[in-house]
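No lab work stands behind these numbers, since they all come straight from the coordinates. The shown structure was predicted, so the numbers you read here are calculated from the model rather than taken from an experiment. FYI the Cβ positions are ideal-geometry reconstructions off the backbone, even for glycines, and counts take in every protein chain you see.
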Amino acid sequence: MTKLADFLYEAGHLKRQVRHGWSHLGHKSPESIADHCWRTAVIAYTLAVLEGLDAEKAASIAIFHEIAEARIGDLDKVQQRYFTNKFEAESAALNEQLAQLPDVLADRIKNLMKGFEESPSPEQDVVRDADFLECMLQAKEYLAQGYEGASNWLENAESCLKTKRAKELAKEIVKGDPNHWYRALKNIKR
């Protein structure tokens, strides 16, 4: 149980690691990797339901999709230029992380993450789309806060989407207002 506790503490480290790409906009306190993973899991679950896929599998993949970043950090596009193979580095970190877990747990996580970058399952496609959609939502929120450079993230992420529902949702994200949900609730006549 000591190694499991260590793994969980390490996973908690993602709450303190920021997503570095946003700092290039001048954002002094961008979202954490854990923040990103949480909303990605919510998006993956909803997309999988709408696509008729295994929503629990998609959400589970999304939960663990950045776990290796507890060791190698969040590498933005500029930082990635200097890595020979980012995916190999992430795979090595994940394998070391999972080696400390009970086999039954490590095997389940390995099976979820197997081939994530090669996208062998429809659920993994959904998670990849959820990852991009989460980035788009965050970009819209940062745009609303005055970080004009975030518009580039919207364009880049939208062009990477694969599933029908993700593309439909992306269009709504681009034209929508990140504060609409709050204003709609606030303006209810009582």
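For the reader, a short list of remarks on this structure follows.
- Highest-first arrangement of 170-177, 37-44, 159-166, where packing means the average Cβ count within 10 Å: 37-44, 159-166, 170-177
- All Cα pairs of segment 132-190, percent lying beyond 19 Å: 33 percent
- Reach of K77 by Cα under 25 Å, taken over lysines that are not fewer than 8 positions away in the same chain: K15, K28, K86, K114, K140, K162, K167, K171
- For the chain, adding -39500 (n - 2.57) for each run of n ≥ 4 DSSP H residues and dividing by the number of residues yields -19500 deg cm²/dmol at 222 nm.
- Cβ crowding within 10 Å ranks D129, D6, D103 as D103, D6, D129, fewest other Cβ atoms first.
- Whether segment 30-125 is rounded, prolate or oblate, judged on the alpha carbon gyration tensor where a/c under 1.5 counts as rounded: oblate
- Range of Cα positions in segment 2-186 per principal axis (Å), largest first: 47, 39, 35
- Between the alpha-carbon centres of segment 45-109 and segment 10-36 there is a gap of 16 Å.
- Order by protection proxy (mean Cβ within 10 Å, highest first), peptides 178-184, 51-57: 51-57, 178-184
- Each Lys and Arg Cβ is given +1 and each Asp and Glu Cβ -1; about its Cα centre, the chain then shows a dipole of about 780 debye.
- Size of electric dipole in segment 34-143: Cβ of Lys, Arg +1 and of Asp, Glu -1, about Cα centre, debye, nearest 20: 140 debye
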